[in-house]
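Engineer: Can you read through this structure? Questions will come right after.
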Amino acid sequence: MALLLGAGALLVSAAAPAAAAGTTCSPSAENGCVGGTIRTADGEPAAGVELEIAGDEETVTAVTGADGTWAAALTVPGEYLVTVDVATLPAGETLRDPAGNPRTVTVTLGSSTGTLFPLGAPTGSPAASPDDGSDEPTAQPSAGAEPGLDTAVPGSTSAGGVNWARVAQQTTAGLVFGTLLALASVGLSLIYGTTGLSNFAHGEQVTLGGILAYLFVQEAKLPLLVAGILAVAIGAASGWLQDAGIWHPLRKRRIGLTQQLIVTIGLAITLQYLFQLFLGGSSLRIVRSNPQTVNLGPVYITQQSLISLAIAAVALLGVSYFLVATRIGRATRAVSDNPALAAASGITVDRIIRLVWTLGAGLAALGGVLMGLYLNATAWNMGSTLLLLMFAAVTLGGLGTAFGALVGSIVIGLVVELSNLVIPSDMRYAGALVILILVLLLRPQGILGRAERVG
């Protein structure tokens, strides 16, 4: 895991382009950043486009680089007018929303603000200002934009049009999102399988990983490698402490699962508002440099997302190997299948459960770190917004089965992202709820679960 995070740290640090001045900016206590990416109607980078960022006390200019990105550093906070010099646009290109030029943005020291100027045939109606880089009080992706994926779609001239390029873009987003979601869902499924407990505080383990990575990188100024290792280690330790201090004593006293479930709900609420109390409601960027975009045919994806996807995939393969090919992993599956029979065969059930809590919390923390990089931000409520998706994935794949949680997460990720093609982005998580209801009605055991007789 250390090697994986190390490779990710090196690649992410190399992702910030070292091209011409004006294409990168790193916010600090002395300056704020404003930037974005400009692409042609065909999705190609628009290089050499000049922009003016004018405020009451400071005016700077920026020029898009070879990859179409631009950025400007500003030392005075406040409102600025960002104006594109249309004379410098590539031949034959026009602004899709001429009325949106110039555009007003608010710059804050220590943070980045993004603004986009789509090119293409004018829509005839003002476009919403997609200031995706601003610090919002949620880590959810903004409407119409894919976290970690470039918002420009090759060959499209309308944000609402459905075409093969956009389908490919959304499918890629779904695969990435589903794989990262699986890190948390697998742990949730293992905990349910070994204890029978639906842990509503599992989302806060995801939040904890993202917040710890932010604190170690931005506050303690540690390298991303060290921050990631510490975040995962502390997340895993928190799972060990939870079982030792809460769940094991409750099991020892034979407290029912319903009462334990209520405890998880109270723990989740407490942790959420503790996070908000100490860190505020704003989004927290683990890495503040603008990520580099990679073109894979009709799909645009950031290097940060590719690195997160690779680390998550290798981590999931490692968990699969652990469960299938190791003695402790086989004992874990035995406890998940039948705790009483596993205990009768000589397996120490409490020790396996303690291990599952530790492993599940560590995976959730890793998921929080990678999800924070993918979404380009984390926040106090990130885990709670993902909790419904985790439960939908676990239910769809089969309650208590780790491999079912993986399959369910991929399906949920694809449904969430592809639903953007036909329904508003604000409603895309509703698809997961619909799937949850249908699975419970039509196949309660899930895709990989076993049908059981009740009563």
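Engineer: Taking the options Ala236, Ala244, name whichever one is farther than 24 Å from Thr172 by Cβ, in contact with a helix residue (DSSP H, G or I) (Cβ under 6 Å, 6 or more places away or on another chain), modelled with pLDDT of 95 or more and not aromatic (Phe, Trp, Tyr).
Structural biologist: Ala236
Engineer: Out of all the residues in the range 379-393, is one or more surrounded by 24 or more Cβ atoms within 10 Å (Cβ to Cβ) and in contact with a strand residue (DSSP E or B) (Cβ under 7 Å, 6 or more places away or on another chain)?
Structural biologist: Yes, there is a match, as at least one residue in the range 379-393 is surrounded by 24 or more Cβ atoms within 10 Å (Cβ to Cβ) and in contact with a strand residue (DSSP E or B) (Cβ under 7 Å, 6 or more places away or on another chain).
Engineer: Can I ask one more? Does the range 275-288 include one or more residues that are within 20 Å of the chain's Cα centre (by Cα) and free of Cβ contacts under 8 Å to residues at least 40 places away in the same chain?
Structural biologist: No, there is no match, as no residue in the range 275-288 is within 20 Å of the chain's Cα centre (by Cα) and free of Cβ contacts under 8 Å to residues at least 40 places away in the same chain.
Engineer: What number of residues within the range 417-445 are free of Cβ contacts under 8 Å to residues at least 60 places away in the same chain and in contact with a Gly (Cβ under 7 Å, 6 or more places away or on another chain)?
Structural biologist: Final tally of qualifying residues: 3.
Engineer: Then there's this: Just name the residue that is nearest to Ala312 (Cα to Cα) out of those in the range 168-192 that are surrounded by fewer than 24 Cβ atoms within 10 Å (Cβ to Cβ) and of a type in the set (Gly, Ala, Ser).
Structural biologist: Applying the filter and picking the extreme gives Gly174.
Engineer: Now, a different point. Can you tell me which residue among Ala47, Ala87 is at pLDDT below 90, of a type in the set (A, V, I, L, M, F, W, C) and not in a loop (DSSP other than H, G, I, E, B)?
Structural biologist: The unique qualifying residue is Ala87.
Engineer: Here's a follow-up. Conditions first: (1) part of a helix (DSSP H, G or I); (2) buried (at least 17 other Cβ atoms within 10 Å of the Cβ); (3) among the aromatic types (Phe, Trp, Tyr). Trp240 passes all but one, so which condition is the exception?
Structural biologist: The single condition Trp240 does not satisfy is (2).
Engineer: Here is a further query. Go through the range 300-350 and tell me which helices (runs of 4 or more DSSP H), entirely inside it, have 3 or more residues that are closer than 30 Å to Thr172 by Cα. Steps first, please.
Structural biologist: Values: elements: 303-325, 327-337, 339-344.
Of the helices (runs of 4 or more DSSP H) lying wholly inside the range 300-350, those with at least 3 residues that are closer than 30 Å to Thr172 by Cα span 303-325.
Engineer: Determine the pairs where a residue that is more than 15 Å from Ile229 (Cβ to Cβ), located within the range 351-378, has a partner that is charged (D, E, K, R) and not in a helix (DSSP H, G or I) with Cβ atoms under 7 Å apart, the partner being 6 or more residues away or on another chain.
Structural biologist: So the pair list comes out as Asn376/Arg285; Ala377/Arg285.
Engineer: Could you go through the range 418-430 and let me know if any residue there is in the same structural domain as Thr195 (by TED's automatic domain parsing), in a loop (DSSP other than H, G, I, E, B), more than 17 Å from the chain's Cα centre (by Cα) and aliphatic (A, V, I, L, M).
Structural biologist: Keep residues of the range 418-430 that are in the same structural domain as Thr195 (by TED's automatic domain parsing), which gives 418-430.
Narrowing the set further to residues that are in a loop (DSSP other than H, G, I, E, B) leaves 422-424, 428-429.
Subsequent filtering for residues that are more than 17 Å from the chain's Cα centre (by Cα) retains 422-424.
Right, trim to aliphatic (A, V, I, L, M) and you get 422-423.
Yes, some residue in the range 418-430 is in the same structural domain as Thr195 (by TED's automatic domain parsing), in a loop (DSSP other than H, G, I, E, B), more than 17 Å from the chain's Cα centre (by Cα) and aliphatic (A, V, I, L, M).
Engineer: State all residues of the range 277-301 that are surrounded by 15 or more Cβ atoms within 10 Å (Cβ to Cβ), at pLDDT 85 or above and not aliphatic (A, V, I, L, M); if no residue qualifies, say none.
Structural biologist: Arg285
Engineer: Taking the residues in the range 90-112 that are under 28 Å from Val287 (Cα atoms) and modelled with pLDDT under 85 as candidates, determine which candidate is surrounded by the most Cβ atoms within 10 Å (Cβ to Cβ).
Structural biologist: Once the filter is applied, the top-ranked residue is Ser112.
Engineer: Answer with yes or no whether Glu79 is of a type in the set (Asp, Glu) and assigned to a loop (DSSP other than H, G, I, E, B).
Structural biologist: No.
The values are calculated or read from the model by the stated rules, or taken from the named source; none is laboratory data. Everything numeric here is computed off the predicted structure, so don't read it as measured data. No Cβ is skipped: glycine too gets one built from the backbone with ideal geometry, and neighbour counts run over all protein chains shown.
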